[in-house]
Amino acid sequence: MRYTGAEVLWECLIREGVDVVWAYPGGAALPLFDALAKYPQIHHVLVRHEQAAAHAADGYARATGKVGVCLATSGPGATNLVTGIATAIMDSVPVVAVTAQVADSVIGTDAFQEINITGITLPITKHNYLVRQGKDLARILREAFFLARTGRPGPVLVDVPKDILTAPCEFHYPERVSRPGYRPVVRSAPYQIQRAVQVITGARRPVVLAGHGVHIATAWEELRLFAERINAPVVSTLLGLSAISADHPLCLGMAGMHGVAWANLAVQNADLLIALGMRMDDRFTGSLPHFAPEAKLLHVDIDPAEIGKRVPAFLPMVGDVRLVLEALTAGLPELDHRDWLAQVATYRQRHPLDVHAQGALPPQEVIRMLHEVTGGEAVLVSDVGQHQMWVAQHYRFRRVNSFFTSGGLGTMGYSVPAALGVQVAHPAEPVWVVVGDGSVQMNLQELATIVQEHLPIKIVIMNNGYLGMVRQWQELFHGARYIGTPISGPDFVQLAASYGIPGRRVDRTEDLKPAFATAREADGPYLLDCRVAEDENVYPMVRPGTSNTDFVEDPRGRAQEA
Ligand SMILES: Cc1ncc(C[n+]2csc(CCOP(=O)(O)OP(=O)(O)O)c2C)c(N)n1
């Protein structure tokens with residue numbers, strides 16, 4: 001049977017199990033949209049901006065573990081994907097981005113809407129392709145999906161010239177992928193497992209560090225069993241949150257620049273760090289020379305390039321976190337770290353995460369109320385800024401893989417479009433978005449997509465009238481000169497209403513509970529515009545370049561103690 005290139009593309013996507021595509025049309029992409037009519041099994045979501053297509057595909061991928069797919073036309077459509085693709089590579093998210101390109105015969109002539117998107121995305125994709133012949137299309141798509149999801153996942157871009165999309169095209173979907181140079185190691189060697197068992201058994205103050213790799217490897221259960229076997233506390237990175245229930249007695253929460261004090265102290269006083277699928281990001285380690293000075297590092301990652309990149313590993317272990325944990329737990333006896341856990345408990349007693357904020361509506365209370373009304377079971381997407389850190393600190397995730405945010409790139413504008421994908425992945429329950437008044441103004445147009453797709457997304461705006469995180473740095477490090485950070489916005493409740501989304505403004509703590517209950521009970525989407533205190537800072541905070549032991553706590557708390 002003969003197909004056009006466009007049909008081959010959809011046939012390949014169906015064979016890859018794709019049922020939703022986040023896309024925006026244009027001239028070069030027209031044949032793809034035209035052919036889509038023949039493939040009702042693929043649901044096309046018309047986002048309102050290509051950046052949102054990439055974030056939605058990313059959110060869908062994080063929530064399902066499947067490859068997310070976005071599609072854009074040539075030129076500006078393709079360049080609008082760039083921030084979303086960069087977000088995905090920084091957080092190791094499997095996305096296939098398809099871009100239409102101008103016809104092969106005019107490539108290189110500055111044709112209308114021609115842009116070298118493979119050149120632009122070379123450093124931000126795991127791999128990318130410009131398809132030059134129709135006969136290569138199926139093989140390339142097969143490879144693209146394979147590369148995106150295997151090993152350390154990441155985005156792959158496939159650029160397809162329009163003439164290839166329209167021309168008749170042979171279709172043979174390859175059974176196997178042949179990439180001889182690409183063989184991710186998934187199982188660590190048995191002698192390494194033995195060595196690791198020895199090192200872990202010999203430790204007195206071990207700490208497990210759970211990174212995004214725990215989610216990617218779906219190793220939640222294995223993590224819990226491992227931690228319980230060795231009775232070691234578990235500390236998370238930002239993206240490692242929700243790897244283990246916050247209610248678990250061994251779960252300490254997040255360490256790093258805005259980590260909770262007791263988690264940082266546990267890491268800093270450990271004699272062994274067992275790092276699982278995390279990359280020792282600078283926001284996590286603080287000053288490297290001061291990072292966990294007494295600890296040996298046992299570093300497990302599927303990407304050998306991450307091991308020893310920032311912190312030398314005493315024992316490198318390349319492999320899939322789930323398989324490594326399984327092997328380790330099988331080889332380990334139950335260990336007793338009563339004294340160490342008692343010491344960690346004193347860190348928590350001495351440095352509790354109390355809220356000292358005054359004013360009508362402290363932002364931390366908004367997150368605590370969100371936790372209360374959702375019982376810690378929400379599927380939650382956060383944007384980037386202070387509100388993101390308050391979520392990380394105050395929302396106690398009880399359910400695995402329930403928190404989605406842009407960690408590595410810190411992309412403002414991520415949350416609303418990513419929530420589209422997360423909501424499609426979780427159709428049976430509402431997805432909650434926590435977003436600043438700055439971040440929400442970066443992809444507001446997606447409110448229309450929410451309505452068109454009947455997605456019951458609940459949006460909580462932490463509206464402080466500032467680009468709060470930057471304002472905080474100005475206060476602390478730039479003489480409180482607030483230049484470029486006071487930010488105005490629309491009346492978000494009225495704006496939402498104009499899209500057909502009901503909402504409510506919240507000004508006082510006592511109004512939080514009924515407002516959140518209304519949002520939760522609402523049938524469809526709902527927006528809460530929470531007017532939080534404008535000059536609140538995120539504490540604790542480790543000043544950039546200093547040791548994670550030297551965290552600064554809320555001065556109002558210290559004043560109360562004195
Ligand atoms: C696309 C993008 N531009 C700029 C920044 C730098 N930045 C980080 S946090 C932040 C402020 C976020 O403000 P808002 O969304 O209102 O959240 P808040 O910090 O007030 O909670 C800015 C500008 C960024 N992370 N991403």
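The values are calculated or read from the model by the stated rules, or taken from the named source; none is laboratory data. Quick caveat: nothing in here was measured; it's all calculated off a predicted structure. As a convention, Cβ positions derive from the backbone with ideal geometry for all residues, glycine included, and neighbour counts pool all protein chains shown. When the accessible area is computed, the model is the full protein with side chains, heavy atoms only, and any ligands, DNA or RNA have been set aside. Shrake-Rupley method; radii C 1.70, N 1.55, O 1.52, S 1.80 Å.
Here is how the numbers come out for the structure above:
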{"read-out": "Highest average packing first - 106-117, 476-487, 241-252, Cβ atoms within 10 Å", "value": "241-252, 106-117, 476-487"}
{"read-out": "Straight-distance crosslink candidates among lysines, where the alpha carbon sits under 16 Å from Lys513 and sequence neighbours closer than 8 are dropped", "value": "Lys458"}
{"read-out": "On Cα atoms only, tilt of 5-15 relative to the major axis of the chain in degrees", "value": "40"}
{"read-out": "Whole-number accessible area per residue in Å² for the chain, which is evaluated in the context of all protein chains at 1.4 Å", "value": "39"}
{"read-out": "Globularity ratio of the stretch 1-155, using Cα Rg and 2.2 N^0.38 Å", "value": "0.95"}
{"read-out": "Residues whose placed amide H lies under 5 Å from that of Leu527, excluding near-sequence neighbours", "value": "Ile459, Gly503, Arg504"}
{"read-out": "Paramagnetic reach from Val373 (point 7 Å along Cα→Cβ, amide N under 13 Å) across the stretch 511-537", "value": "511-531"}
{"read-out": "Where a label projected 7 Å from the Cα of Gln113 along Cα→Cβ would reach, residues of the stretch 54-97 with amide N under 13 Å", "value": "72-80"}
{"read-out": "Restricting the stretch 154-215 to trypsin sites (Lys or Arg not before Pro) in coil, as DSSP defines it, with at most 16 other Cβ within 10 Å", "value": "Arg176, Arg187, Arg204"}
{"read-out": "Ordering of 352-361, 138-147 by burial proxy (mean other Cβ atoms within 10 Å per residue, highest first)", "value": "138-147, 352-361"}
{"read-out": "DSSP bridge pairs, the chain: antiparallel proportion in percent, nearest 5", "value": "5"}
{"read-out": "Ranked order, Trp390, Trp220 - accessible area, probe 1.4 Å, largest first", "value": "Trp220, Trp390"}
{"read-out": "Prolate/oblate/rounded call for the stretch 345-474, Cα gyration tensor, a/c under 1.5 rounded", "value": "oblate"}
{"read-out": "Fraction of the pair-distance distribution of the stretch 135-250 above 20 Å, Cα-Cα pairs, percent", "value": "61"}
{"read-out": "³J(HN,Hα) computed for each position of the stretch 526-532 - Karplus, 6.51 cos²θ - 1.76 cosθ + 1.60, integer Hz, glycine/proline x", "value": "8, 10, 10, 9, 8, 7, 8"}
{"read-out": "Sum of -39500 (n - 2.57) over DSSP H runs of 4+, divided by residues of the chain (222 nm, nearest 500)", "value": "-10500 deg cm²/dmol"}
{"read-out": "Acute angle (nearest 10 degrees) that the helix 321-331 long axis makes with the longest principal axis of the chain, alpha-carbon atoms", "value": "50"}
{"read-out": "Translational diffusion coefficient (Stokes-Einstein; Kirkwood radius from C-alpha pairs) of the stretch 484-541 at 20 °C, 1.002 mPa s, in µm²/s", "value": "164"}
{"read-out": "Stokes-Einstein D in µm²/s, Kirkwood radius over Cα pairs - the chain at 25 °C with 0.890 mPa s viscosity", "value": "100"}
{"read-out": "Rg to Rh, two decimals, where the stretch 420-511 supplies the alpha carbon set and Rh follows Kirkwood", "value": "1.04"}
{"read-out": "Between helix 338-350 and the chain: long-axis angle, C-alpha atoms, 0 to 90°, nearest 10", "value": "90"}
